[in-house]
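S.K.: Right, I'll just put the structure down here and ask away after.
What follows draws every value from the coordinates through simple rules; no lab data is involved. Predicted model only: the values in this text are computed from it and were never measured. Using ideal geometry, Cβ is built from the backbone for each residue, glycine included, and neighbour counts are taken over all protein chains shown.
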Amino acid sequence: MSKWARVPLGEVVAHRKEFITLDDTEMYKRCRVQLHAKGVVLRDKTKGADIRTKKQQICVGGDFLVAEIDAKMGGFGIVPQELDGAIVSSHYFLFDIDEERLDRKLLDYFCRTEDFCGQITAQGTTNYAAIRPDDVLSYEVPLPPLPEQHAIVARLDALADKTRQVAAHLDAVEADADALIRAYLFGEQATSYERLKMAEMLEQRMPDVAVQQDKQYRFAGVSSFGRGVFPSAVKNGSGFSYERLSTVKADDFIYPKLMAWEGALGIVPPECDGMVVSPEFPVFTVNRDVVLPGVLDIYFRTPSIWVELSALSGGTNLRRRRLQPSSFLGYEMPVPPMEIQHKVVELSERIAALKARHTAIRESNAALLPAMLERVFAG
């Protein structure tokens, strides 16, 4: 148990309602709370004319902001100074903090603990049950003497800063590694590579599976923004309308026609070998005598290439534009000599191993502050 006295939040914060009527000609910052106590961020900047509800609340930097519905899922946090003057709807509650009794940063840290979050979930039986301002004011917070609060905040700030530095260092190392590998494909030397059409490197395979209504099929999917191919859902033949499907094999190249323009392309990994995709996913066998699958995977996970594919995708509605196989097979790619391709693939495997080690470091690093918060507020 904490050695500090606990008081209702209503003793140290006050519910504040300050509404304005929006001006259609003005631009407004709108903020939102992230779930799981991850804080308050900018939602967008919008003209008053585009906001339907004209009565909105004004946030003040340092306010405690709570979402009426999402509070039970960690939808609360301190409004950062850069969002001072931002607006929120009446479905949010704003609280002014009495800093002569409570350091707002201490509240910011405490509201990320299981102690605080547990008090909110105890108020209702479903994730969608709304809370009211009086509920918030009844939640209890530990209240050390103010000088001790400042000292605690200083220690937690120092730890938070260290964890951010570690995460930033890992990000920088991985960004440098990715830049190094892409330099082989897009650097100055790439201007000397032979440019080949995809039809010279890929051979399209037609759907080969006749769907049976009483049979189950394990689908593969492709994530947008270069995140690759992954095992997707298991579906019954009676659960979709396609009469035929395509089997994919490890090292095939696939993409969904509809989303290729935003980076949904990739090489099939071993864990997806033997799965199926719908006819909306062209499936290609890679001619390894010309290009290695790993080189294609890196090339088409590169954001600058998605812009080129977007130009090849037909359709007037941006979200419905499709990249047809005939257009894709006509696309030209600079192909490195095979010696460089092998070097790229080897380097890619080493970078993947590095990122796997970084994943473990990131998880441990991310766990430091939450663990410290639990220890601090347990006294």
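S.K.: Does anyone have the angle between helix 338-377 and the longest principal axis of the chain? Alpha-carbon axes, 0 to 90°, nearest 10?
M.R.: 20 degrees
S.K.: Projected onto the charge dipole of the chain (+1 at Lys/Arg Cβ, -1 at Asp/Glu Cβ, origin at the Cα centre), which of Val295, Pro269, Gln216 gives the Cα projection farthest towards the positive end?
M.R.: Value: Gln216.
S.K.: Would you mind ranking Cys117, Cys272 by Cβ crowding within 10 Å, fewest neighbours first? Spell out each step's value before the answer.
M.R.: Values: Cys117 19, Cys272 26.
In order of increasing Cβ crowding within 10 Å: Cys117, Cys272.
S.K.: Taking H placed 1.01 Å from N in the peptide plane, check which residues at least 5 places from Gly39 or on another chain put their amide H under 5 Å from its amide H.
M.R.: Gln34, Phe76
S.K.: What residues have an amide H closer than 5 Å to that of Gly228, excluding those fewer than 5 places away on the same chain, when H is modeled at 1.01 Å from N in the peptide plane?
M.R.: For Gly228, the qualifying residues are Ser223, Leu265.
S.K.: Would you mind calculating the relative contact order of the range 6-143 from Cα pairs under 8 angstrom and at least 6 residues apart, reporting the percent as a whole number?
M.R.: Values: 293 pairs, mean separation 44.0, N = 138.
Rounded, it is 32 percent for the range 6-143.
S.K.: To continue, here is another question. Which FRET efficiency value, to the nearest 0.05, is calculated for Ser241 and Asp208 with the Förster distance at 22 angstrom and r the Cβ-Cβ distance? Intermediate values should be presented prior to the final figure.
M.R.: Details: r = 18 Å, r/R0 = 0.83.
Calculated value: 0.75.
S.K.: May I ask you to derive the FRET efficiency for Ala190 and Ala154 from their Cβ-Cβ distance with R0 = 56 Å, giving the value to the nearest 0.05?
M.R.: 0.65
S.K.: Something else about it: Separation between the Ile361 and Asp289 pseudo-spin-labels, each 7 Å from Cα along Cα→Cβ, expressed in nm?
M.R.: 4.3 nm
S.K.: Continuing with the same structure: Do you know the relative contact order of the chain, to the nearest whole percent, from alpha carbon pairs under 8 angstrom that are 6+ apart? Mind dumping the intermediate values first?
M.R.: Numbers: 700 pairs, mean separation 57.9, N = 379.
Dividing the mean separation by the residue count of the chain yields 15 percent.
S.K.: Here's another thing I want to ask about it. Run the simple label-point estimate for Glu82 and Leu180 please: 7 Å along Cα→C-beta, distance reported in nm.
M.R.: Simple spin-label model gives 3.1 nm for this pair.
S.K.: Order these peptides, 20-28, 77-85, by their mean beta-carbon neighbour count within 10 angstrom, highest first.
M.R.: Answer by packing, highest mean first, reads 77-85, 20-28.
S.K.: Summing Lys, Arg as +1 and Asp, Glu as -1, what charge do residues with Cβ under 11 Å from the Cβ of Asp98 carry, Asp98 excluded?
M.R.: Local charge sum for Asp98: -3.
S.K.: Under a point spin-label approximation (7 Å from Cα along Cα-to-Cβ), what is the Val60-Phe19 distance to one decimal in nm?
M.R.: 1.9 nm
S.K.: Compute the length gained on full extension between Asp50 and Arg322: take 0.36 nm times their separation in residues and subtract their Cα-Cα distance, giving the result in nm to one decimal.
M.R.: 94.9 nm
S.K.: Lys and Arg at +1, Asp and Glu at -1: add these up for the other residues within a Cβ distance under 13 Å of Ile51 and post the number.
M.R.: Counting the neighbours of Ile51, the net charge comes to +3.
S.K.: Rounding to the nearest 10 and keeping the result within 0 to 90°, find how far the Cα-based axis of helix 303-312 lies from the longest principal axis of the chain.
M.R.: It works out to around 60 degrees.
S.K.: Here's another thing I want to ask about it. Let me know the shape class of the range 264-306, please: from the alpha-carbon gyration tensor, a ≥ b ≥ c as square roots of the eigenvalues, rounded when a/c is under 1.5, otherwise prolate if a/b is greater than b/c, or oblate.
M.R.: Working: a/c = 1.78, a/b = 1.24, b/c = 1.43.
In terms of gyration-tensor shape, oblate.
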